[in-house]
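Worksheet for the structure shown next.
Every number in this text was worked out from the coordinates using simple rules, so none of it is lab data. Nothing here was measured: the structure is a model prediction, and the numbers come from that model. We place every Cβ from the backbone using ideal geometry, glycine too, and count neighbours over all the protein chains shown.
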Amino acid sequence: MSDNIDQDQEHDDIMYPHVVPFLLVHAGCVAAIWSGVSWQAIAICAVLYWLRMFAIGAGYHRYFSHRAYATSRVFQFLLAFLAQSSAQKSVLWWAAKHRHHHLHSDTEEDVHSPRHKGFVYSHVGWIFHRRHDATDLVKVSDFASYPELMLLHKFEILPALAVAGLCFLIAGWSGLVVGFLWSTVLLYHATFCINSLAHVHGRKRYVTGDDSRNNWLLAVFTMGEGWHNNHHAYQSSARQGFRWWEIDVTYYILMALSWLGIVWDVRMPPEPVLRNEQRLGSRVVRRTAEQLARRFNPENIALAIRSSVHETELSVRDALFLLQHRADLRLANMPTRDQLLAEAQSMFAKTISLDEIVDRAYELLVESVCLLLVVPPPMVGAVAKSQANAGIYLGASPHRLDG
Ligand SMILES: [Zn+2]
Ligand SMILES: [Zn+2]
């Protein structure tokens, strides 16, 4: 694994040597035709699936990515070893990629957003790109200072080889193929479903500025990771199922471990978050306002205003003044604030920050329309293009971006 991001980003190969084991694990599953499927191997498969799913949720995700609880250095190492036995690369790589995901969820910069690159790419395609193989150790500097974790980072495949060897010793070829390979492939796709499905299917209880969803079926298979919208709303919580009926087995085990003194400082969502009464952060407000503003086409609005000022006493200057100072006035095709509010209510989950989102979206729309109005008509197309390049232009015809 390379730590030199710049060097790796120069190449964007579709395949690189590190993904070969990933493909071999899949191909190896077919060998069950020759190895047979013993009951002992199926039992190993079930135990390894649930044990390592706990290590993925409680280790890779809630501990190494989010520091949702504290533990000893020994248990930290055990968690890292067990998580890495699922062959999903080092805990440092996983946590760095995941922290990046939360910083840029469902924007162009998100490495696995179904919104931008499609479902299959977000599920599995992204790992085939060499540039995603690099680890930004700066993002995980809190853990990169442990030499034992750096060792696991350097020899990331060792834990998986050790567990695979153990399966072979216990139950022979069937133990290796069915016990180890089958459970490893199931774990790959259960984990990847959180990147893909949990950003496409399910309910949104919280406004998070991204596409994260709560999906009960995924939560069952991933021991609680399917409550992904809850998680995006309050990331540092060790508990992801916020309601009593939101089954979150990883959290129940963490609570049991805390009673035994193995983990402590288990972080919980605060009351306002549980009641969905928390004020949204500025980044979430901005992203949500951009989604709302994109429902309206500033180019059409500017054109309508231009043609209407010829028919009335209004000049473009008057129209600009009205746009900037009288949001309550109806101006050819320009939606009123109330219309934006109605659209926001239909688009988003309940939040006490809705007015803030609507105000920001209105500002964005007015900015875009004003910019198009102050420019002479033949240049409008060029301005729209440059706005789009600068990330200002709010988009084409109104269309739904969120389900
Ligand atoms: Zn996510
Ligand atoms: Zn997370």
The helix 249-259 Cα axis meets the longest alpha-carbon principal axis of the chain at an angle in degrees, between 0 and 90 and rounded to 10, of 60 degrees
Given all pairs of distinct Cα atoms, region 34-77 yields a Kirkwood Rh in Å of 12.2 Å
Note on region 101-162: C-alpha Rg/Rh, Kirkwood Rh, two decimals, gives 1.06
Projected onto their principal axes, the Cα atoms of region 186-324 stretch, largest extent first, over whole-Å spans of 78, 33, 21
On each of the three principal axes the extent of the alpha-carbon atoms of the chain, given in whole Å and largest first, is 89, 46, 41
Residues I194, I301, I33 in order from fewest to most other beta-carbon atoms within 10 Å are I33, I301, I194
D265 and Q40 label points (each 7 Å along its Cα→Cβ direction) are spaced in nm at 4.5 nm
The answer for GluC sites (Glu not before Pro) in region 233-295 that fall in a DSSP coil and have at most 15 neighbouring Cβ atoms within 10 Å is E277
When the charge dipole of the chain is computed with +1 on Lys and Arg Cβ and -1 on Asp and Glu Cβ about the Cα centre, the Cα farthest towards its positive end, among A80, S353, G118, belongs to A80
By the C-alpha gyration tensor axes a ≥ b ≥ c (rounded if a/c is under 1.5, else prolate when a/b exceeds b/c, else oblate), the shape of region 165-253 is prolate
With Cα coordinates, the longest principal axis of the chain makes an angle with the long axis of helix 298-311, in degrees rounded to 10, of 10 degrees
Residue-normalised 222 nm signal for the chain, counting each DSSP H run of n ≥ 4 as -39,500 (n - 2.57), nearest 500 deg cm²/dmol, is -15500 deg cm²/dmol
Subtracting the Cα-Cα distance of A304 and L158 from 0.36 nm times their residue separation yields 46.1 nm
Checked region 134-193 against the a/c 1.5 cut and the a/b vs b/c comparison, axes a ≥ b ≥ c from its Cα gyration tensor; verdict oblate
Protection proxy (average C-beta count within 10 Å per residue), highest first, orders 117-130, 94-107 as 94-107, 117-130
Relative to the chain, whose Cα atoms define the longest principal axis, helix 39-54 and its Cα axis are tilted in degrees, nearest 10, by 40 degrees
FRET efficiency for I33 and K350 from the Cβ-Cβ distance with R0 = 60 Å, rounded to 0.05, comes out at 0.70
Among K89/K350; K117/K154; K117/K204; K139/K204; K97/K350; K97/K117, the pairs whose Cα-Cα distance exceeds 26 Å are K89/K350; K117/K154; K139/K204; K97/K350
Heads up, region 72-177 by the C-alpha gyration tensor (a ≥ b ≥ c square roots of eigenvalues; a/c under 1.5 rounded, else a/b over b/c prolate, else oblate) looks oblate
Contact order relative to length for region 5-274, counting C-alpha pairs under 8 Å separated by 6 or more residues, stands in percent at 25 percent
Expected vector for region 337-354, Karplus 3J(HN,Hα) from phi with 6.51, -1.76, 1.60 and θ = phi - 60°, integer Hz, x for Gly and Pro, equals 4, 5, 5, 5, 5, 4, 5, 4, 5, 7, 8, 10, 5, 5, 7, 6, 9, 4
